[in-house]
Structure formats: C-alpha cells, structure tokens
Amino acid sequence: MRDIVKITSENLAKQNGVYDRKGSFTQGKDADILPVDNKLTIKYTICLDDIAFKGE
C-alpha cells in the first residue's frame, strides 16, 4: 500500500511542484481522499470535507 501511495500521490505532487501542500497525509497539507474497494474501484471522492463524487 505504501508503494501505491507513493506512486499515485507523493511522486505526482513532487513532479508537479506542489509537494509542499499535497501528496502526503501531513498536518497542514490539502488532502483529497479517494476511498476504494478491494478491486481499487473509487467509492467516493472527498474534497474540502464534502463528498464530491459517489460511485455506484
């Protein structure tokens, strides 16, 4: 799981120059959260404390 987080969050944030505010669960950073099921299907997208997307 750590590798998935690094590939999908940390590395992309670093490549796009936003790692100072995104890309890891660290106090003070923005966190858009995508809960997934066992098949990695996105169930929700949570942005700014609101559900922005709800899957089936």
*Amide H to amide H under 5 Å from Y44: which residues, 5+ apart in sequence or cross-chain, H placed 1.01 Å off N in plane?*
G55
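For the chain, which chymotrypsin sites (Phe, Trp or Tyr not before Pro) are both in a DSSP coil and crowded by at most 10 other Cβ atoms within 10 Å? Mind showing how you got there, number by number?
Values: sites: Y19, F25, Y44, F53; in loops: Y19, F25.
Taking the chain and a limit of 10 other Cβ atoms within 10 Å, the loop chymotrypsin sites (Phe, Trp or Tyr not before Pro) found are F25.
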*asked:* Let me check something: with ligands and nucleic acids excluded, how do I46, I7 order by accessible area (1.4 Å probe), largest to smallest?
replied: I7, I46
*Starting from the Cα of F53, step 7 Å along the direction of its Cβ; do the same at S24; then give the gap between the two resulting points in nm.*
2.6
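Can you give me the % of accessible surface on the chain that is carbon or sulfur? Probe 1.4 Å, all protein chains present, nothing else counted.
Working: 2670 of 4870 Å².
That fraction is 55 percent.
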_Given the -39500 (n - 2.57) contribution per DSSP H run of 4+ residues, what per-residue ellipticity at 222 nm results for the chain, rounded to the nearest 500 deg cm²/dmol?_
-2500 deg cm²/dmol
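Multiplying the sequence separation of L34 and I46 by 0.36 nm and subtracting their Cα-Cα distance, what value in nm do you get?
Working: separation 12, 0.36 × 12 = 4.32 nm, distance 0.65 nm.
Net length gain for the segment: 3.7 nm.
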*If you plug each phi of region 42-53 into the Karplus form 6.51 cos²θ - 1.76 cosθ + 1.60 with θ = phi - 60°, what whole-Hz ³J(HN,Hα) values come out, in order, with x for Gly and Pro?*
5, 8, 8, 10, 10, 10, 6, 6, 10, 7, 8, 8
*How big is the accessible area of L48 in square angstrom, nearest 10, if you roll a 1.4 angstrom probe over the protein chains?*
150
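The values are calculated or read from the model by the stated rules, or taken from the named source; none is laboratory data. Just so it is clear, the model here is predicted, and its values are computed rather than measured. Ideal geometry is used to build each Cβ from the backbone, glycine not excepted, and the neighbour counts take in all protein chains shown. The area values use the complete protein model at the heavy-atom level, side chains included, leaving out ligands, DNA and RNA. Shrake-Rupley method; radii C 1.70, N 1.55, O 1.52, S 1.80 Å.
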